[in-house]
């Protein structure tokens, strides 16, 4: 006998209410407890997951239904459902709600999250809903305002996929701290403000509260890429930002097993787009409509692998920040270094501004500290005295620090942005972003900082004429050969 659609609708309402109550309960917990437990409760484990104390991986493409009534209620979005993993999956759900809780920690804001398969998918998901053309204004020239100091492929998406391909004007803020410059670029057709802080790799920063006020004055949202800081050191939603994009692949998850990004938004964002559903719950809107149709979601296994890394993010960012400070101070005094870009150094022009915002979450409740502690992350850059050839020589001399375009790994990784992550920006674009050819980006891992300093010291000694011999296998054979740098 049919139970009827309403039977499942009422059951769905009860499930939604349990979720709301679980969220309220977790909001009372400290940051580390949220990171460890998320919203996976003991009751859920015992009732639905054979008592598993760690969130299971739901490696399934689709959800089965009890009968036609439940299927109808689910696919008309009247009840919570994951129906198909292109749209949702329980494993994704565990990750997304942890990120929403961590990004809104300490604010009592209601926030939601959607995880994606890549950073470019996350940024596209975050900005495209604001870039629609008003059919009543067919000749409208819409635009958005973004800082010049952004990740190389963010630049590519803005400059090529939006500006060139779709004729959506990207207006560049050259000086990220200049509030007047930013506001002068806004007009009635501006859809959002976008900024990255600290930026990768030049460590640019801006006053989040002040920029959010400018955005809201013009009835547009502020979107912030906060990848480098993570919510362990900075939570832009607390200071007025509407939407945060995170490369969860990076510092939030250090293993490097998979690519995961996320969009986290507070409810009731500020926007001049007439779309009440999008405004009320931006990430819920993305999940059920644009991303349902475009399909950028992550896989269940990447969601759970990432979730396991996130559990220790606060203690990791504390340790890595302290190690990076020690390494930055070493490099600042080295004879072959022209300059060091690290917000933790008092010599950095943005040190005071960054110190206003970048703080280790819950340090005041930590037995070791008992008071607020500034932490500046584990990304830094340094410039070699000399030309690009000298820079390559030092870079090629690294023996423990890995040469790769990645960052946020448990192992230290370095790259030369001018020839890698920001190569396609061109010389003019790199100049605007503050990325000279003699700059090396270093993301410090969890090794002992003395060992990283030792590796940097011997790599820099190549500029004194010292030769370094490394042994490595050829690509095409299993035997070792010797190369001299």
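Looking at segment 90-310, the DSSP beta bridges with both ends there are about 40 percent antiparallel.
For the listed peptides 311-323, 49-61, 140-152, 347-359, a ranking on the average number of other beta carbons within 10 Å per residue, highest first, reads 140-152, 311-323, 347-359, 49-61.
In percent, what relative contact order does the chain have, based on Cα pairs under 8 Å that are 6 or more apart in sequence?
Numbers: 937 pairs, mean separation 71.1, N = 485.
Relative contact order for the chain comes out at 15 percent.
Rg and Dmax, both from the Cα atoms of segment 69-227 and both in Å, are 17.9, 57.
Here the extension length gained between residue 54 and residue 175 equals 39.0 nm, from 0.36 nm per residue of separation less the Cα-Cα distance.
Each listed q (0.07, 0.10, 0.12 Å⁻¹) maps to a log10 I(q)/I(0) for the chain from the Debye sum over equal C-alpha point scatterers, namely -0.40, -0.79, -1.10.
Plugging the Kirkwood radius over Cα pairs into Stokes-Einstein for segment 318-484, at a temperature of 4 °C and a viscosity of 1.567 mPa s, what D comes out in µm²/s? Kindly include the intermediate steps, with their values, before the conclusion.
Numbers: Rh = 17.2 Å.
Stokes-Einstein gives a translational diffusion coefficient of 75 µm²/s.
Could you work out the relative contact order of segment 318-484? I mean the mean sequence separation of Cα pairs under 8 Å and 6+ apart, divided by the number of residues, in percent. Write down the numbers at each step before the final one.
On the way: 273 pairs, mean separation 37.7, N = 167.
Relative contact order of segment 318-484: 23 percent.
Structural descriptor for segment 77-132: relative contact order 21 percent, calculated from alpha carbon pairs under 8 angstrom and at least 6 residues apart. Here the simple spin-label model places points 7 Å from the Cα toward Cβ, and for residue 46 and residue 61 these points are separated by 3.7 nm. Roughly how many Å is it from the Cα centre of segment 11-67 to that of segment 441-461, as a whole number? First find each Cα centre; the distance between them is then 42 Å. For segment 143-282, just say rounded, prolate or oblate: build the C-alpha gyration tensor, square-root its eigenvalues into a ≥ b ≥ c, call rounded for a/c under 1.5, and beyond that prolate if a/b exceeds b/c, oblate if not. Note, shape of segment 143-282 comes out rounded.
Measuring between their Cα centroids, segment 225-255 and segment 312-334 lie 18 Å from each other.
Once both labels are positioned 7 Å from their Cα atoms along Cα-to-Cβ, the gap between residue 372 and residue 461 label points is 4.3 nm. Give me 216, 422 ranked fewest to most by other Cβ atoms within 10 Å of their Cβ, as a rough exposure proxy. Listed from fewest to most nearby Cβ atoms, that is 216, 422. Counting neighbouring beta carbons within 10 Å and listing from fewest to most, the residues 454, 66, 392 come out as 66, 454, 392.
Quick note: the coordinates plus some simple rules give every number you see, no bench work behind them. Every value quoted in this text rests on a predicted model; they were computed, and no experiment measured them. All Cβ positions, even for glycine, are placed from backbone atoms using ideal geometry, and neighbour counts span all protein chains on display.
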